[in-house]
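Asker: This is the structure, below, for whatever I ask next.
The values are calculated or read from the model by the stated rules, or taken from the named source; none is laboratory data. From a predicted model like this one, the values you see are computed outputs, not experimental measurements. Cβ placement follows ideal geometry from the backbone for every residue including glycine, while neighbour counts extend to all protein chains displayed.
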Amino acid sequence: MRRRTRNQRLYRLGFMALVANFAFDAIPLEAEVEVPNPFIARLGKLPDWSDLDDYQYTITREEFTYLLNHCYARNQEEEYRDLIRIEQDRALILKQSNHPASGWYDLRFRTDSLISATPKRYWRAPTELDGLQPNSTRPLKGVCIAIDPGHIGGRWVIWDDRHFTIGKDTIEVREGEMTLAVARILQRDLSLLGATVALTRNGNHPVTEDRVETLQEEARAYLRNRNKVPSSGAIAKTAKAMFAISSEIRARSDLLNEEFQPDLALCLHFNASPMNMRRPSFQGPNHLDLLINGCYSRGEIEEDDTRFEMLLRILQRIYYEEVRLSDAISRTMKFETRLPSFSYDGTNGMSVNNNDILWARNLLANRVFMCPVVFFELYCMNHHEVHARVQAGEYRGLREFNGTYRKNIYQEYADGITAGLVNYFRHRR
Ligand SMILES: [Zn+2]
């Protein structure tokens, strides 16, 4: 069941205070210092900066700067100037971006004279797990893996726009149900290989207890906070995104970070090429990309919660594990799916190494799941061959599509991941 974290409750209390403040807008008190409402992401949690105390003296200036510039800040210092100041022996982090009087968090760097420490984190790298017997048939023994089937299925598909029908007498394509099909195959196969597997959702219903109707006031406050006109259309759109994306992913993140505490998380998605949703039609592209967390814009780093979460990922050195895992899985995914890579323009996704399938993007799930996350985007659902394979469902054996015999699309997706994980853990532990 959904349990709100302390900070979420605080945020909601802050929101109530905000509503109360509107009543007194007409009588400002001159002596009062106005503290603006903090700039935070949709349904974000106010950060408790003292949580970074555990990371004092754990990272060198060089490594901190490298990670920030190489993977996280899209255009290096341009994105974090006046928000994060890198001094010789410390990083100064502005606590509230729109209120400099809130002060700076002082993060001291590790220097050669101090003993390095493994950063505080709940996840374990493969080298921290027990070693394997040669030729072990359970290479994932002891590895805790969370699987996040993207979106929601069933009657909830109407809220997230990831469903469509092309052609007469065809099955509706529903991403939230397709990702759950892959998750269930993975759960079975990875468990047989020794892993402990947890799914963030196990059916076609939301994990969050929020609903579009209950988020109206929060949507209105969010728009006001961003200086946007809270028209009824804007409120409806924001409340919908708050339910299907923000609240749902945050509820899954509470489960993952507080209960499962996995060693890695797999976020499963199917892709789609842009099209007119009123008249869905087949589109040309079909491709494969794997995403790790990174590529933050200035606007994102200005959000106090987002800046805090980015710093936690840097301080936990999540980047290295995400890249190694993704590199290994991308090779087997490419082999299984035979899909070409996809290119981002460097704005909403950027390259971090010479793997043309791997991109850094800042998405809510791969930011707030506080462990290495591999986020999958593959098979464009409105490509004619993918559509035909979705119509064919979960058949056994092989079937011919465009002259090639293929496994069912869900098994193929899962096998690409399983083979990559087996290779990775055999090699690394
Ligand atoms: Zn998706």
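Asker: Filter the stretch 69-80 for residues that are in contact (Cβ under 8 Å) with a residue 12 or more places away in the chain and of a type in the set (D, E, K, R); which is surrounded by the fewest Cβ atoms within 10 Å (Cβ to Cβ)?
Answerer: Once the filter is applied, the top-ranked residue is 78.
Asker: Out of all the residues in the stretch 141-190, which are within 16 Å of the ligand (Cβ to nearest atom) and among the charged types (D, E, K, R)?
Answerer: 148, 160, 161, 162, 172, 174, 175, 177, listed by residue number.
Asker: Okay, moving on. Of the residues that make up the stretch 233-251, is at least one modelled with pLDDT of 95 or more, away from the ligand (no atom under 16 Å from the Cβ) and within 22 Å of residue 329 (Cα to Cα)?
Answerer: no
Asker: Then there's this: Return the total of residues in the stretch 299-346 being assigned to a helix (DSSP H, G or I), within 21 Å of residue 265 (Cβ to Cβ) and not charged (D, E, K, R).
Answerer: Qualifying residue count, the stretch 299-346: 19.
Asker: Evaluate the stretch 39-62: report whether one residue or more is over 26 Å from the mean Cα position of the chain (by Cα), modelled with pLDDT under 90, acidic (Asp, Glu) and over 30 Å from residue 212 (Cα atoms).
Answerer: no
Asker: Let me ask you something else. Go through the stretch 103-122 residue by residue and tally those that are crowded, with 18+ Cβ neighbours inside 10 Å and either within 16 Å of the ligand (Cβ to nearest atom) or aromatic (Phe, Trp, Tyr) (or both).
Answerer: So the count comes out to 2.
Asker: Which numbered condition trips up residue 219, out of (1) free of Cβ contacts under 8 Å to residues at least 40 places away in the same chain; (2) surrounded by 19 or more Cβ atoms within 10 Å (Cβ to Cβ); (3) within 23 Å of residue 171 (Cβ to Cβ)?
Answerer: That leaves (3) as the condition not met.
Asker: Looking at (1) over 30 Å from residue 384 (Cα atoms); (2) in contact with a helix residue (DSSP H, G or I) (Cβ under 7 Å, 6 or more places away or on another chain); (3) within 16 Å of the ligand (Cβ to nearest atom), can you tell me which one residue 288 breaks?
Answerer: (1)
Asker: Are any of the residues in the stretch 175-189 basic (Lys, Arg) and either on the phi > 0 side of the Ramachandran plot or assigned to a loop (DSSP other than H, G, I, E, B) (or both)?
Answerer: Looking through the stretch 175-189, none of the residues is basic (Lys, Arg) and either on the phi > 0 side of the Ramachandran plot or assigned to a loop (DSSP other than H, G, I, E, B) (or both).
Asker: Does at least one position in the stretch 378-393 carry a residue that is closer than 16 Å to residue 292 by Cα and assigned by TED's automatic domain parsing to the domain that holds residue 195?
Answerer: yes
Asker: Which residue, of 88, 133, is in the same structural domain as residue 380 (by TED's automatic domain parsing) and either loosely packed, with under 14 Cβ neighbours inside 10 Å or of a type in the set (S, T, N, Q) (or both)? If you could, list the steps in order and put the result at the bottom.
Answerer: Details: 88 fails: in the same structural domain as residue 380 (by TED's automatic domain parsing).
When all the criteria are applied, what remains is 133.
Asker: If we keep just the residues of the stretch 264-285 that are crowded, with 21+ Cβ neighbours inside 10 Å and part of a loop (DSSP other than H, G, I, E, B), which is nearest to the ligand (Cβ to nearest atom)?
Answerer: Looking at the filtered set, the residue picked out is 269.
Asker: All but one of (1) farther than 30 Å from residue 218 by Cβ; (2) among the hydrophobic types (A, V, I, L, M, F, W, C); (3) surrounded by 19 or more Cβ atoms within 10 Å (Cβ to Cβ) hold for residue 242; which doesn't?
Answerer: (1)
Asker: Residues that are closer than 29 Å to residue 60 by Cβ and at pLDDT below 95: list the strands (runs of 3 or more DSSP E) wholly contained in the stretch 82-149 that include at least 2 such residues.
Answerer: Hits in the stretch 82-149: none.
Conditions (1) free of Cβ contacts under 8 Å to residues at least 12 places away in the same chain; (2) farther than 23 Å from residue 316 by Cβ, marked per residue:
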position: 119; (1), (2): no, no
position: 127; (1), (2): no, no
position: 143; (1), (2): no, no
position: 166; (1), (2): no, yes
position: 188; (1), (2): yes, yes
position: 194; (1), (2): no, yes
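Asker: A further question follows. Among the listed residues 188, 226, which satisfies the condition of being more than 18 Å from the chain's Cα centre (by Cα), loosely packed, with under 15 Cβ neighbours inside 10 Å and more than 17 Å from residue 40 (Cα to Cα)?
Answerer: 188
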